[in-house]
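The next block holds one structure in the form of structure tokens; read it before the comments.
The values are calculated or read from the model by the stated rules, or taken from the named source; none is laboratory data. These numbers come from a predicted model, not from an experiment. A quick note on method: Cβ atoms are made from the backbone with ideal geometry, for glycine too, and the neighbour counts reach across all protein chains shown.
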Amino acid sequence: MEFEHIPVLAEEVLDFAPHASKSILDCTLGGGGHSRRLLEKFPEANLYGIDRDVKALNAAAECLKNYKKQIRLDHASFSELPRCFEKWGESRFDYILADIGLSSEQLARPERGFSFMYDGPLDMRMDPDRQDFTAADLVNNSSEHELLRILRTYGEEHFARKIVSAILAKREEKPLETTKELADLVGHVKPRRLQKPGFNPATLTFQAIRIVVNDELNELGVLLKEVPSCLKLDGRLAIISFHSLEDRMVKHQFRKWENPCVCPTDLPYCICGEKSLGRVITRRPVNASAKETTENPRSRSAHLRVFSFSKKDS
């Protein structure tokens, strides 16, 4: 079966790209959908891209085969970007894009273990070729304290204690091995009257486990740390996130880049010396249109934020 991924907010990603972009970095290639659209708009541009998933990388290479002379793609995570820059001989870009949600492909394949909609192994690794630690390892071997911390911190799950108690009791009988086992367990624990219509009760639990298995928030933190030195003057960073933890990190970092001053508000002028790196283009996150959410329900939770790295308007 061919790799299939529908890029979310594709038109918006194109609209926010700087005019006459010559150098573009796609930090989450997926199937190459966003990158292809960007190269169609900027046919003279050079595009660099990375992905943690080898299948996605191969699919992107096929999708972008008509632009072979203009692309450089690598199997890498955000934390490996410095190595890629050294290899490419390029570290400054007009436009950097990161779509930090799961791909349609990852969710649709039961053997990847990301989705509670299909029965598959409890895996959830974005890079199975280089990651050993799986969701099953986390669920079956973590302590009660650690499981509580994970569900509360990364899932913001109000029923964390009940879910963890059920996991501990279940794994005393036998290890949890499949996505269906875990999803059914959570569904039985959470009171039906408090379950949201159209929202699977296992959503937050799966989210929390996936984040930890793939070290996602730390990886995002590395990306946000690297970006200021990677964009040209008037270059832009566009990030698409799919849950509140990621969106909050992006929003707070954008605000800090725009207004880094830490001086007391009663001082008549700044003495801390912190300088603005630019301005937030999207005061509120950009969401998918009604048409897009109808065609691709996954886009409903997508939030796009864009930052322009230039001197702040006076």
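Details
- Residue match in the stretch 7-26 (condition: in a helix (DSSP H, G or I) and among the basic types (K, R)): no
- Residue match in the stretch 150-168 (condition: acidic (D, E), surrounded by fewer than 18 Cβ atoms within 10 Å (Cβ to Cβ) and touching a strand residue (DSSP E or B) at 6+ places or on another chain (Cβ under 9 Å)): no
- When E219, E246, E226 are screened for being touching a His at 6+ places or on another chain (Cβ under 9 Å), under 22 Å from C27 (Cα atoms) and touching a residue at least 40 places away in the same chain (Cβ under 8 Å), only E246 passes.
- Qualifying positions in the stretch 203-243 - of a type in the set (S, T, N, Q) and in contact with a strand residue (DSSP E or B) (Cβ under 9 Å, 6 or more places away or on another chain): S241
- Residues satisfying the stated conditions in the stretch 17-35, i.e. crowded, with 20+ Cβ neighbours inside 10 Å and either more than 15 Å from K69 (Cβ to Cβ) or modelled with pLDDT under 95 (or both): A17, S21, L25, D26, C27, T28, L29, G30, G31, G32, G33, H34
Each row is one residue, and each column tells you yes or no for (1) among the small types (G, A, S); (2) under 20 Å from T203 (Cα atoms).
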site: D129; (1), (2): no, no
site: A135; (1), (2): yes, yes
site: Y154; (1), (2): no, yes
site: I163; (1), (2): no, yes
site: I167; (1), (2): no, yes
site: E173; (1), (2): no, no
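- The stretch 107-123, residues that are of a type in the set (D, E, K, R), crowded, with 17+ Cβ neighbours inside 10 Å and either in a loop (DSSP other than H, G, I, E, B) or in contact with a Leu (Cβ under 7 Å, 6 or more places away or on another chain) (or both): R109, D123
- Exactly one residue among L138, L122, L107 is more than 14 Å from Y48 (Cα to Cα) and in contact with a Phe, Trp or Tyr (Cβ under 6 Å, 6 or more places away or on another chain), and that residue is L107.
- Residue within the stretch 256-273 that is within 30 Å of S115 (Cβ to Cβ) and in contact with a Lys or Arg (Cβ under 9 Å, 6 or more places away or on another chain) present: no
- Candidates E226, E219 - the one that is closer than 30 Å to M124 by Cα, among the charged types (D, E, K, R) and either touching a Phe, Trp or Tyr at 6+ places or on another chain (Cβ under 6 Å) or assigned by TED's automatic domain parsing to the domain that holds H158 (or both): E219
- Taking each residue of the stretch 121-140 that is of a type in the set (S, T, Y) and looking for partners that are surrounded by 18 or more Cβ atoms within 10 Å (Cβ to Cβ) and assigned to a helix (DSSP H, G or I) with beta-carbon atoms closer than 9 Å, six or more apart or interchain, yields T134/V213.
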